[in-house]
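Okay, structure first, notes after.
Since every read-out is calculated from the coordinates, none of them should be taken as a lab result. No experiment lies behind these values; they were computed from the predicted model shown. Glycine also receives a Cβ, built like all others from the backbone with ideal geometry; neighbour counts cover every protein chain displayed.
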Amino acid sequence: MFVKKSTMKKHAVDRLLLGLLVILVTFGFIIFSSASMGLLTRDGAQFGAVMLKQLVFGILFGGVALLIASSVHYRLYRKYAFWLYLASFILTIAVFIPDLGFEHGGARRWLSLGPILFQPGEFLKIGFVIYFAAWLSAIKNEKQVGQYGFLPFIGLSALTGAVFLFQPDTDGFLIVVLAGAAMFYVAGGTLKHFFLLFLIGLIGSVGLFYTKPYIRERIMTFVDFKQVDVRGAGYQINQSLIAIGSGGLLGRGFGQSVQKFQYLPEPIGDSIFAVASEEFGFVGGGFLILLFLGFSLRGIRVSIRAPDIFATTLGVGIVILIFTQSLLNMASMLALFPLSGTPLVFVSQGGTALLVALAETGILLNISRYYRG
């Protein structure tokens, strides 16, 4: 589905996509504010600081990033694609520098610059998508993408993914590969390529299972979480299912979650979907899932209507980054996927993740200004 150049007309940003974003961010902050109350019984001094950080560094700064990104013509990213990728790559490997990288929960994913603490891996994800989109757009036609694009795709994905695996951040690696695969397919990849990708992924997964104990533990917990130690490896998933199940159809009500107090690990992080489902029930949890699905489908539509292959692959890559990350989080809380340390986009704690996601959506909104006429 290689998109040829055509007449490009400028329009207003896609209002439906913008509206879905506003609803997601608003509903997300409501959920986050309630989940944050769970910190009061753990460390009361953190509540105000966490709320302020999410509001200022996430929503306020993210809103500015959204406005700027939606105003910058998307073709400018193609011009500086390599340098954006290189800068994000160097910034991410800097987490391995002693006294600069910050470790938490056995993972080294943060950079500490004085009072500022952020995850450079979020920048690497979008850096990868921009550079790969620029590379794909340099190929003349679909046939050449199939002939010459697969090995570079594997190489770039492996290089980028290796940085995430060493942190370790297996979910980040998976998200990058899935985004790249979707972009490659849109540009002209074939089923034969995806069969090869599946085989490579299967071999790689087996290797990781036997060489990475934390991955093996996650998978074994996922396979039979009821039989593992409910106070150890199976604790989080069991507490999450208790929270989701106790929400029933309509939930306990805003602020009424019991599990966020002392029981759920990371109630404002990995487990925030469980808090949302407990307080707003099946209806609220389902509504949140539908919001992400609607946002993603609209984003795909915007990308497909874009006037050139760079915009199309860039838009698809951004949508897959956001949707896959959100899906992994919610699926893991529902015991449909091994536990993920990935935050729920627009909802979980994480100023860097929220800021970057809003900037990515700004790029998508800018793409929506131009479509084939």
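Quick check on packing: order 315-324, 253-262 by the mean number of other C-beta atoms within 10 Å, highest mean leading.
My ranking of the peptides, most packed first, is 315-324, 253-262.
If you take the charge dipole of region 208-321 about its Cα centre, with +1 on Lys and Arg Cβ and -1 on Asp and Glu Cβ, which of ALA311, PHE261, PHE209 is farthest toward its positive end?
Among ALA311, PHE261, PHE209, the one farthest towards the positive end of the dipole of region 208-321 is ALA311.
How far apart, in nm, are the 7 Å Cα→Cβ label points at LEU67 and ILE242?
4.5 nm
What residues of region 268-291 lie in the reach of a label at LEU249, counting those whose backbone N is under 11 Å from a point 7 Å from the Cα along Cα→Cβ?
Residues passing the 11 Å test: 282-283.
Contour minus end-to-end for TYR148 and ARG15, with contour as 0.36 nm per residue of separation and end-to-end as the Cα-Cα distance?
Taking 0.36 nm per residue and subtracting the Cα distance, the gain is 44.1 nm.
Order the peptides 272-281, 242-251, 305-314 from the highest to the lowest mean number of other Cβ atoms within 10 Å of their residues.
The peptides rank, most packed first, as 272-281, 305-314, 242-251.
Can you work out the Karplus-derived ³J(HN,Hα) for every residue in region 290-304? Use 6.51 cos²θ - 1.76 cosθ + 1.60 with θ = phi - 60°, whole Hz, and x for glycine or proline.
5, 4, 5, 5, x, 4, 5, 5, 5, x, 5, 4, 4, 5, 5
What is the gain in length, in nm to one decimal, between ILE203 and PHE337 on full extension, counting 0.36 nm per residue of separation less the C-alpha to C-alpha distance?
Result for the pair: 46.3 nm of gain on full extension.
Got the relative contact order for region 8-372 handy, in percent, Cα pairs under 8 Å and 6 or more residues apart?
Over region 8-372, the number comes to 31 percent.
Based on Cα coordinates alone, diagonalise the gyration tensor for region 287-354, multiply each eigenvalue by 5, take square roots, and list the semi-axes in whole Å, largest first.
The answer is 25, 13, 11 Å, longest axis first.
Figure the gain on full extension for PHE194 and ALA138 (residue separation times 0.36 nm, minus the Cα-Cα span) and round it to one decimal in nm.
Taking PHE194 through ALA138 to full extension adds about 18.0 nm, to one decimal.
For every helix of n ≥ 4 consecutive DSSP H residues, a contribution of -39,500 (n - 2.57) applies; sum these over the chain, divide by its total residues, and give [θ] at 222 nm rounded to the nearest 500 deg cm²/dmol.
After summing the helix terms and dividing by the residues of the chain, the value is -21500 deg cm²/dmol.
If you restrict to DSSP beta bridges whose two residues both lie in the chain, what percentage is antiparallel, to the nearest 5?
Taking every DSSP beta bridge with both residues in the chain, the antiparallel ones total about 100 percent.
By average Cβ neighbour count within 10 Å, what is the ranking of 180-190, 200-210, 349-359, 287-297 from highest down?
Averaged packing, sorted descending, gives the order 349-359, 180-190, 287-297, 200-210.
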